[in-house]
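Encoded as structure tokens, the structure appears first; notes follow it.
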Amino acid sequence: MAAAVASSAGTQKDSSRFQLCVIEGDGIGHEVIPAAVEVLAATGFVFDVNPASAGWDTFTRHGTALPDQTLDMARDSDAVLFGAVSSPSHKVAGYTSPIVEMRRRLNLFANLRPTHSWPIQNSRPGIDLLIVRENSEGLYVRRESSDGKTAVAERIITQAASERIAHVAFRWAQQRQRHLTIVHKANVLPETCGLFRLTALGVAGSYPDVTVDEMLVDAMALRLVTNPERFDVIVTTNLFGDILSDEAAGLVGGLGLAPSANVGIGLSPALFEPVHGSAPDIAGKGLANPIAAFLAVAMLLDHNAEPERAGLVRDAVTKIMRNGPHSPDLGGTATTQQITIEIINMVKSANMVKL
């Protein structure tokens, strides 16, 4: 089947076709996301592109990092492919992280961050784990105050959200190696982490086929380095999941190989993204590693019941990891475009055989 992809900007959308909201964001998002769209098309998946904007550049032009039009476009689409944004590390009046806001506004409460080994020199062997991160609360609710001398941040943990994310994690464990690790810090935070821990353990009774253990987050940070092979599915709160997933990515080659899915329930479109940032130091130079964005596309295909096409992308990535070419972050000299062309050619070749 031939690929069909078109931009629907300014035209009437065809409701019978898959609608993909594409948000490049800032920095290298403008390089890796168009490349990912090309790879998605190479699989033969039929879709329309609905472009939208978000990020720091959007904020400087329009006074908001996430325009209402972008949210409307995302809601009207079947999925969102998101690049990377440049968020300031200091407070800027009127600025809110667009990815955090999109997760909240679209009710994308579960963040799925897989990590597995690759056939490259700087990847630990034997790793195949999934971090299921609660996406809607914790410290990321951004309820902060300061009088200039004392700053306070509220950490919100609810039984409902903890139960919801625990069910997601247990269902993923059932599809994998049937082992779930609950990560918390209940010994120091007995109310918030304690509630998360007890709720997740309570959900375990509904999944007798899954082996459950628990671990303090500092112990998990150590064990991820010393014995990552032992883990299957890890479920944890928002901040802990954010940090641990970056640590896990460092074991297998870095954030350039780390994809992510943000999912909810009902009619909310899922959002897929590379975990890495906007990398302004290399933006526009053709040096960005697009593999994380390609793997995000594979997650999108899996989520939309296209496992064969997802496999085409992952197989091509595995081959390029084994044989090259590699981007500079992996010790190579290949450009974003060179890697993209190699992946597309492999996907198209395999597509002709398999599909």
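The values are calculated or read from the model by the stated rules, or taken from the named source; none is laboratory data. Treat the numbers as computed from the prediction; the structure is a model and nothing was measured. Cβ coordinates were reconstructed from backbone atoms using ideal geometry, including for glycine residues, and neighbour counts include every protein chain displayed.
Which of the following residues is more than 19 Å from the chain's Cα centre (by Cα), crowded, with 22+ Cβ neighbours inside 10 Å and over 23 Å from Val80 (Cβ atoms): Ile343, Ile339, Ile282?
Ile339
Out of the range 40-65, which residues are under 18 Å from Gly25 (Cβ atoms) and of a type in the set (A, V, I, L, M, F, W, C)?
Leu40, Val49, Ala52, Ala54, Trp56, Phe59, Ala65
Would you please list the contacts, defined by Cβ atoms under 7 Å and residues six or more apart or on different chains, that run from a residue in the range 37-55 that is in the same structural domain as Met352 (by TED's automatic domain parsing) to a residue that is buried (at least 22 other Cβ atoms within 10 Å of the Cβ) and part of a loop (DSSP other than H, G, I, E, B)?
The qualifying pairs are Asn50/Ser77; Ala54/Ala65; Ala54/Leu66; Ala54/Val85; Gly55/Asp26; Gly55/Ala65; Gly55/Val85.
Taking the range 330-355, which residues are of a type in the set (Gly, Ala, Ser), over 21 Å from Arg309 (Cα atoms) and in a helix (DSSP H, G or I)?
Of everything in the range 330-355, nothing turns out to be of a type in the set (Gly, Ala, Ser), over 21 Å from Arg309 (Cα atoms) and in a helix (DSSP H, G or I).
Quick one: in the range 165-206, of everything that is assigned to a loop (DSSP other than H, G, I, E, B) and out of contact with any strand residue (DSSP E or B) (no Cβ under 9 Å at 6 or more places or on another chain), which residue is surrounded by the most Cβ atoms within 10 Å (Cβ to Cβ)?
The extreme case among them is Leu189.
Please go through the range 275-329 and pick out each residue that is β-branched (Val, Ile, Thr), out of contact with any Leu (no Cβ under 6 Å at 6 or more places or on another chain) and part of a loop (DSSP other than H, G, I, E, B).
Selection gives Ile282 alone.
Tell me, please, whether a residue that is surrounded by fewer than 13 Cβ atoms within 10 Å (Cβ to Cβ), in a loop (DSSP other than H, G, I, E, B) and of a type outside the set (A, V, I, L, M, F, W, C) can be found in the range 221-231.
Yes, there is a match, as at least one residue in the range 221-231 is surrounded by fewer than 13 Cβ atoms within 10 Å (Cβ to Cβ), in a loop (DSSP other than H, G, I, E, B) and of a type outside the set (A, V, I, L, M, F, W, C).
Can you name the residue in the range 14-52 that is acidic (Asp, Glu) and assigned to a strand (DSSP E or B) and is also farthest from Pro307 (Cα to Cα) among such residues?
Among those that are acidic (Asp, Glu) and assigned to a strand (DSSP E or B), it is Glu24.
Limited to the range 126-144, what total is found for residues that are assigned to a loop (DSSP other than H, G, I, E, B) and of a type in the set (A, V, I, L, M, F, W, C)?
Residues flagged as assigned to a loop (DSSP other than H, G, I, E, B) and of a type in the set (A, V, I, L, M, F, W, C) within the range 126-144 amount to 1.
Any residue at all in the range 272-284 that's at pLDDT 95 or above, over 22 Å from Ser136 (Cβ atoms) and hydroxyl-bearing (Ser, Thr, Tyr)?
There is at least one residue in the range 272-284 that is at pLDDT 95 or above, over 22 Å from Ser136 (Cβ atoms) and hydroxyl-bearing (Ser, Thr, Tyr).
Counting only residues that are surrounded by fewer than 18 Cβ atoms within 10 Å (Cβ to Cβ) and among the hydroxyl-bearing types (Ser, Thr, Tyr), which one in the range 81-96 is nearest to Leu300 (Cα to Cα)? It would help to see each step written out before you state the result.
In the first step, residues of the range 81-96 are kept if they are surrounded by fewer than 18 Cβ atoms within 10 Å (Cβ to Cβ); the result is 88-96.
Checking the rest, the ones that are also among the hydroxyl-bearing types (Ser, Thr, Tyr) come to 89, 95-96.
Details: Ser89: 30, Tyr95: 29, Thr96: 26 Å.
If we take residues in the range 81-96 being surrounded by fewer than 18 Cβ atoms within 10 Å (Cβ to Cβ) and among the hydroxyl-bearing types (Ser, Thr, Tyr), then Thr96 is nearest to Leu300 (Cα to Cα).
Determine which single condition Pro67 fails, assuming it passes every other condition in (1) out of contact with any strand residue (DSSP E or B) (no Cβ under 6 Å at 6 or more places or on another chain); (2) touching a residue at least 24 places away in the same chain (Cβ under 8 Å); (3) surrounded by fewer than 24 Cβ atoms within 10 Å (Cβ to Cβ).
Evaluating Pro67 over (1) out of contact with any strand residue (DSSP E or B) (no Cβ under 6 Å at 6 or more places or on another chain); (2) touching a residue at least 24 places away in the same chain (Cβ under 8 Å); (3) surrounded by fewer than 24 Cβ atoms within 10 Å (Cβ to Cβ) leaves (2) as the failure.
Give me the pairs: first residue in the range 339-351 and assigned by TED's automatic domain parsing to the domain that holds Glu31 and at positive phi, second residue among the basic types (Lys, Arg) and in a helix (DSSP H, G or I), beta-carbon distance under 8 Å, and six or more apart or on different chains, which are they?
Every condition considered, no pair remains.
Note down all Cβ pairs under 6 Å where the first residue falls in the range 193-220 and is in the same structural domain as Ala166 (by TED's automatic domain parsing), the second is among the aromatic types (Phe, Trp, Tyr), and they're at least six residues apart or on different chains.
Taking only residues 6 or more apart or on different chains, the pairs are Tyr207/Phe170; Val210/Phe170; Val217/Phe240.
Within the range 291-299, does at least one residue satisfy the condition of being touching a residue at least 60 places away in the same chain (Cβ under 8 Å), more than 16 Å from Phe82 (Cβ to Cβ) and in contact with a Ser or Thr (Cβ under 8 Å, 6 or more places away or on another chain)?
Within the range 291-299, none of the residues are touching a residue at least 60 places away in the same chain (Cβ under 8 Å), more than 16 Å from Phe82 (Cβ to Cβ) and in contact with a Ser or Thr (Cβ under 8 Å, 6 or more places away or on another chain).
Looking at the range 6-21, is at least one residue modelled with pLDDT under 95, under 20 Å from the mean Cα position of the chain (by Cα) and not assigned by TED's automatic domain parsing to the domain that holds Glu134?
No, the range 6-21 has no match at all.
Residues to consider are Leu271, Leu267; find the one that is in the same structural domain as Glu31 (by TED's automatic domain parsing), under 17 Å from Met102 (Cα atoms) and touching a Phe, Trp or Tyr at 6+ places or on another chain (Cβ under 8 Å).
Working: Leu267 fails: touching a Phe, Trp or Tyr at 6+ places or on another chain (Cβ under 8 Å).
Step by step, each of Leu271, Leu267 is checked, and only Leu271 is in the same structural domain as Glu31 (by TED's automatic domain parsing), under 17 Å from Met102 (Cα atoms) and touching a Phe, Trp or Tyr at 6+ places or on another chain (Cβ under 8 Å).
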